[in-house]
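In what follows, a structure is listed as C-alpha cells, so that the remarks can point back to it.
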Amino acid sequence: MTMYADNFDRTKPFSDTAHQMNLAANVEQTYTVPGTSTQKYRAKFSFNSTSNVFIGLNVTATTPGAGLNTSTANLEFRPDEPKYVKGGDVIHAITGDALGGYVGISLLAIPG
C-alpha cells in the first residue's frame, strides 16, 4: 500500500490501491476498504464535475426523491475533499443520472 506523504509543493504519490466504478442510474455500488480496522487511509474521490454522485461511508447510498429533503449521516454529495477511512469500511456510491457516471477511489495509507 502506498503511504500518504507530502512532497514537493503538496503533491501526493500515485496510489497502488485505486478502485473504479461505472455507475448505472439508481444502482448502488460498494467497495470494501482493504485491511483491518486498525489500518487508516486517506480516500480521494474522483468523478466528472457534472455527475450527480452520492458517496456514503458504511451507509446505503440513496438519491433524494423529487421535491424531498433528506438527511443521512455519512452520506455526501460529490465530496470534494479527501476523507479518512479504515480497513473494512464500506464505501457506497450511487447516481440518479440516466447516463450513469464514473467514480474513482484512491487510497493512501496513513502512517501510524
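We did not get these values from a lab; they are worked out from the coordinates using the rules stated. Keep in mind that this is a model prediction, so the values were computed, not measured. Positions of Cβ are backbone-derived with ideal geometry, glycine not excepted, and every protein chain shown enters the neighbour counts.
How many Lys pairs in the chain lie less than 13 angstrom apart by Cα atoms, where the lysines are 8 or more positions apart or on different chains?
Step by step, the pairs that qualify in the chain add up to 4.
Among 51, 18, 108, whose Cα sits farthest toward the positive end of the charge dipole of the chain (+1 at Cβ of Lys/Arg, -1 at Cβ of Asp/Glu, about the Cα centre)?
Sorting the options by dipole projection puts first 108.
According to a simple spin-label model (label point 7 Å from Cα along Cα-to-Cβ), what is the distance in nm between residue 74 and residue 26?
2.6
What number, in percent, do you get for the relative contact order of the stretch 24-112 if the mean sequence gap of Cα pairs under 8 Å and at least 6 apart is divided by its residue count?
Values: 196 pairs, mean separation 46.5, N = 89.
Averaging sequence separation for qualifying contacts and normalising by length gives 52 percent for the stretch 24-112.
What size of dipole, in debye to the nearest 20, comes out for the stretch 14-112 about its Cα centre when the only charges are +1 on Lys and Arg C-beta atoms and -1 on Asp and Glu C-beta atoms?
Dipole magnitude for the stretch 14-112 comes out near 220 debye.
Within the stretch 68-100, which residues have the backbone N less than 16 Å from the label spot 7 Å out from residue 48 along Cα→beta-carbon, could you tell me?
Only 78, 94-100 pass the distance filter.
Give me the extension gain from residue 1 to residue 110: residue separation times 0.36 nm, minus the current Cα-Cα distance, reported in nm with one decimal.
38.3 nm
Could you compute the FRET efficiency for residue 99 and residue 37, with r as their C-beta to C-beta distance and R0 at 30 Å, rounded to 0.05?
Once rounded, the FRET efficiency stands at 0.25.
Kindly provide the pair-distance distribution of the chain built from C-alpha pairs, with 10 Å bins from 0 and whole-percent values in order of increasing distance.
In order of increasing distance, the bins hold 14, 45, 29, 10, 1 percent.
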